[in-house]
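Below is one structure, written out as structure tokens, with a few remarks after it.
The values are calculated or read from the model by the stated rules, or taken from the named source; none is laboratory data. Please read all numbers here as calculations on a predicted model, not as lab measurements. We place every Cβ from the backbone using ideal geometry, glycine too, and count neighbours over all the protein chains shown. When the accessible area is computed, the model is the full protein with side chains, heavy atoms only, and any ligands, DNA or RNA have been set aside. Shrake-Rupley method; radii C 1.70, N 1.55, O 1.52, S 1.80 Å.
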Amino acid sequence: MFFSLSGLLLNHPEWFAREGGEGELLEVELPAEALDELSQKLDEGAGLALYLQKELSLVGAFQSAEIFPGEEAFLRFGGAKGSSDVTVDLATGFVEYEIEKSGMVELMHNLHRGKESGAAWKGLIDVSAILILLMSLFGFFLMFFIRIRFAKSMILLGTSAVSIAAIYFLFVP
């Protein structure tokens, strides 16, 4: 049901008013001792990202960092729930970060596509797809073994195939 509903939403985003997407700009200053410690281990931004995730209410998982030693660090966090962009002045410890939370419709779109949703959610999508495929194939092959409905099943199968092909060739640009 979730994938059917979110699939409908993907096809018709105009049905819902755009919600979310409004960024919230926040500022904070890192303590001097934390700044000194982090400045010594700027390993591609992972240490700084881990610290910032603990200290700030960031949305998303760490994705990337651009670090200019002694000057600034730019970090990007993202996920299905939204994103966070963080700028750290490495000289003063001044941190400016923007949090953009996904609205409900955007969240459902991201989950439907598996976009930035993590390995567990992608696994759930795979399991759901396999189960739906197996049930569909079971129903498809079952119509070949019910003799009373075999003729009607073949007519329905042929009509469906011709209709889908006609819609594709006539209406898909």
*Expressed as an acute angle from 0 to 90° and rounded to the nearest 10, what is the orientation of the C-alpha long axis of helix 150-171 relative to the principal long axis of the chain?*
50 degrees
*Please turn the phi angles of region 110-121 into ³J(HN,Hα) values with the Karplus equation 6.51 cos²θ - 1.76 cosθ + 1.60 (θ = phi - 60°), one per residue in order, whole Hz, x for glycine and proline.*
4, 5, 4, 7, x, 6, 6, 10, x, 5, 5, 5
*Report the full-extension gain for the segment Arg76 to Leu142: residue separation times 0.36 nm, less the Cα-Cα distance, to one decimal in nm.*
18.7 nm
*asked:* Sort Met1, Met108 by heavy-atom solvent-accessible area, probe 1.4 angstrom, most to least.
replied: Met1, Met108
*Shape call for region 64-127 from the C-alpha gyration tensor, a ≥ b ≥ c root eigenvalues: rounded (a/c under 1.5), prolate (a/b greater than b/c) or oblate?*
prolate
*Total lysine pairs whose alpha carbons fall under 30 Å of each other in the chain (8 or more apart, or interchain)*: 12
_Computing the accessible area with a 1.4 Å probe over protein heavy atoms, can you report the carbon and sulfur percentage for the chain?_
63 percent
*Give me the accessible area per residue for the chain, probe 1.4 Å, as a whole number in Å².*
70 Å²
*Name the long-range amide H neighbours of Phe94: under 5 Å, sequence gap of 5 or more, or other chain; modelled H, no Pro or chain starts.*
Leu30, Asp89
*asked:* Ignoring chymotrypsin sites (Phe, Trp or Tyr not before Pro) that are buried or in helix or strand per DSSP, and keeping those with at most 15 other beta carbon atoms within 10 Å, what is the longest stretch of the chain between them?
replied: 17-143
*Post the alpha-carbon centroid distance, region 116-145 to region 52-77, in whole angstrom.*
38 Å
*Give a quick list of GluC sites (Glu not before Pro) in region 59-157 that DSSP marks as loop, anything other than H, G, I, E or B, with at most 13 other Cβ atoms within 10 Å.*
Glu71
_Can you give me the long-range amide H partners of Gly79? Hydrogens built in the peptide plane at 1.01 Å from N, cutoff under 5 Å, separation of 5 or more residues or another chain._
Ala61
*Under 5 Å, built H, 5+ apart or other chain: amide partners of Glu116*: none
*Kindly write out, for region 68-77 in residue order, the coupling ³J(HN,Hα) from the Karplus curve 6.51 cos²θ - 1.76 cosθ + 1.60 (θ = phi - 60°), rounded to whole Hz, with x marking Gly and Pro.*
10, x, x, 10, 9, 9, 10, 10, 10, 10
*To the nearest 0.05, what FRET efficiency results for Glu14 and Val172 with a Förster distance of 25 Å applied to their C-beta separation?*
0.80
*Based only on Cα atoms, what Rg/Rh ratio does the chain have, Rh being taken as Kirkwood's radius?*
1.23
*Simple spin-label model, 7 Å along Cα-to-Cβ: Ile125 to Glu37 in nm?*
3.8 nm
